[in-house]
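Notes to accompany the following structure.
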Amino acid sequence: MYGIIMYMFKKFLALYKKYEEIINYLIVGVLGTAVSIATYWLFELITFSIFNDKNVSIIIGNTLSWVIVVIFLYFLNRKYVFKSKSKEIFKEFISFTLGRVFTLFLETIVIFIVVSVFSGSDLIGKVLGQIIVIITNYILSKFVIFKKKPRKNSSEA
């Protein structure tokens, strides 16, 4: 029994090592999605009680949720997913934020379409939007924001 457990653990570890970045990104994405949905629900509830307008509360709730999640995810992605060593943290954060601004609009459009066009739940729109956002954000992070710079050969002058 111990041998089987060790064999499975070694296989799991080998798979994790092979796909570490994607697995870590998915874990961080799930955490970000949970924080996003929880904060969205809270802010949407608060703003609806103030403005008594579903469309206004959706936009405000989503925007406030987004601000919290962007800060949260920048640090997790930098440290655990893409393991950035860049000294240009401010520039990297601005790039990260601009990428997220793009996906904020994308997500807001998805929520709006689900609610306004299909008369669906804003929470369903939020979840669908998050799936699209996670995929888009990975592509932007990997190939634009945290793109690893090629090392210069020390023998070249």
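The values are calculated or read from the model by the stated rules, or taken from the named source; none is laboratory data. Remember, it's a predicted structure, so these values are computed and weren't measured experimentally. In this analysis, Cβ positions are derived from the backbone assuming ideal geometry, glycine residues included, and neighbour counts consider all displayed protein chains.
Suppose we filter segment 64-83 for residues that are of a type in the set (Phe, Trp, Tyr) and outside any helix (DSSP H, G or I); how many remain?
1
Give me the pairs, please: first residue somewhere in segment 19-31 and more than 16 Å from PHE75 (Cβ to Cβ), second residue anywhere and part of a helix (DSSP H, G or I) and not β-branched (Val, Ile, Thr), beta-carbon distance under 7 Å, and either six or more positions apart or on two chains.
Matching pairs, first to second residue: ILE23/TYR16.
Step by step: first the residues of segment 123-157, then only those that are surrounded by 11 or more Cβ atoms within 10 Å (Cβ to Cβ) and at pLDDT below 85, then the one that is farthest from THR39 (Cα to Cα). Which residue is that?
LYS148
Give the residue that is surrounded by the most Cβ atoms within 10 Å (Cβ to Cβ), with candidates limited to residues of segment 54-85 that are of a type in the set (Ser, Thr, Tyr) and closer than 21 Å to GLY29 by Cβ.
SER65
Hey, VAL114 hits all of (1) out of contact with any Gly (no Cβ under 9 Å at 6 or more places or on another chain); (2) in a helix (DSSP H, G or I); (3) not acidic (Asp, Glu) but one; which does it fall short on?
(1)
If GLU44 satisfies all but one of (1) among the acidic types (Asp, Glu); (2) more than 18 Å from LEU104 (Cβ to Cβ); (3) in contact (Cβ under 8 Å) with a residue 12 or more places away in the chain, what's the number of the condition it fails?
Going through (1) among the acidic types (Asp, Glu); (2) more than 18 Å from LEU104 (Cβ to Cβ); (3) in contact (Cβ under 8 Å) with a residue 12 or more places away in the chain one by one, GLU44 breaks only (2).
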